[in-house]
1. Give, as residue ranges, the helices (runs of 4 or more DSSP H) completely inside the stretch 100-219 that count at least 1 residues that are under 30 Å from Val44 (Cα atoms) and open to solvent by 90 Å² or more (accessible area, probe 1.4 Å).
2. Go through Lys156, Lys179 for me and flag whichever is over 17 Å from the mean Cα position of the chain (by Cα), assigned by the TED database to the domain that holds Val207 and within 16 Å of Leu200 (Cβ to Cβ).
3. Cβ-Cβ under 8 Å, sequence separation 6+ or interchain: first residue in the stretch 196-216 and hydroxyl-bearing (Ser, Thr, Tyr), partner in a strand (DSSP E or B). Which pairs?
4. List the number of the failed condition for Ala139; all other conditions in (1) touching a residue at least 60 places away in the same chain (Cβ under 8 Å); (2) outside the structural domain of Glu39 (by the TED database); (3) in contact with a Leu (Cβ under 9 Å, 6 or more places away or on another chain) hold.
5. Looking at the stretch 45-54 only, could you name the residues that are surrounded by fewer than 19 Cβ atoms within 10 Å (Cβ to Cβ) and either under 21 Å from the mean Cα position of the chain (by Cα) or at pLDDT 95 or above (or both)?
6. Scan the stretch 92-121 and report the pairs whose first residue is more than 17 Å from Ile133 (Cβ to Cβ) and whose second residue is among the basic types (Lys, Arg) and surrounded by 14 or more Cβ atoms within 10 Å (Cβ to Cβ), with Cβ atoms within less than 7 Å and a gap of 6+ or a chain change.
7. Within the stretch 1-15, which residues are touching a helix residue (DSSP H, G or I) at 6+ places or on another chain (Cβ under 6 Å), closer than 24 Å to Asn73 by Cα and buried (at least 16 other Cβ atoms within 10 Å of the Cβ)?
Amino acid sequence: MAVKDFMTKKVIYVSPTTKVAKAADIMKEQGIHRLPVIENDKLVGLVTAGTIEKASPSVVTSLSVYEMNYLLNKTTVGEVMIREVLTISKYASLEDAVYRMRQNNIGVLPVVDQDQISGVITDKDVFGAFLKIAGYGEAGVRVRLLMPDVMGSLAKIADLLAEKSLDVRSIVQINTENKKTAIEMQLMGELSPEEIERALVAAGFEVDEIHETENKLVR
């Protein structure tokens, strides 16, 4: 899973000369909290809602509303932006992006290769990737199996599903604390959840959970 498969490709950005008030307006209009700062087609910084808030006069300031607006309209993004920006390559794995974001407690990584920005990967993109990988939002049957961590188990499951003409839309394997392996699958086919469960149990598999799913719009 590469970053390029899940990143936001439409990059909304500002320049160092953009006024802070304008940047704040763009964030509000677009429903976002960070903006890459681009100059001469290169990433030179990042401005966030947090950096703008820090640059804004305090609510306890003696400045009037007009004075505060004047200050925000005079201050440029280049004066308040984050200059040391962590980035990631579009060819990096999604796991690497998640790890870097988590380790540095940040919610966005500009995607940069050879000094050119091609997108951003955000915490929202990561949530979307998780839903897609899990097969969430697709009509079908969701199955969770518990089984010993034994070589060849997945092959046996695949053979059974093929025999029953069940299409595996997604599959996730998780090692649980009780030394068993949890296999979660999103299936499509003509069989009902009850029929699938009977076939799995008859083949010796432990069905931990099974239920029908429906289409959902994932934004």
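1. Answer list for the stretch 100-219: 123-134.
2. Lys156
3. Thr213/Gly140; Thr213/Val141; Thr213/Arg142; Thr213/Gln186
4. Of everything listed in (1) touching a residue at least 60 places away in the same chain (Cβ under 8 Å); (2) outside the structural domain of Glu39 (by the TED database); (3) in contact with a Leu (Cβ under 9 Å, 6 or more places away or on another chain), Ala139 misses just condition (3).
5. Within the stretch 45-54, Ala49, Gly50 meet the criteria.
6. So the pair list comes out as Val108/Arg34; Leu109/Arg100; Val111/Lys90; Asp113/Lys90; Ser118/Lys90; Gly119/Lys90.
7. Val14
Here is a yes/no grid of residues against (1) in contact (Cβ under 8 Å) with a residue 40 or more places away in the chain; (2) over 20 Å from Ala134 (Cα atoms):
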| position | (1), (2) |
| --- | --- |
| Leu160 | yes, yes |
| Ser165 | no, yes |
| Arg169 | no, no |
| Asn175 | no, no |
| Lys180 | no, no |
| Met188 | yes, no |
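The values are calculated or read from the model by the stated rules, or taken from the named source; none is laboratory data. Bear in mind the structure is a predicted one, so any value in this text is a computation, not a measurement. Every residue, glycine as well, gets a Cβ built from its backbone with ideal geometry; the counts of neighbours run over all protein chains shown. Ligands, DNA and RNA are excluded from the accessible area calculation, which covers all protein heavy atoms including side chains. Shrake-Rupley method; radii C 1.70, N 1.55, O 1.52, S 1.80 Å.
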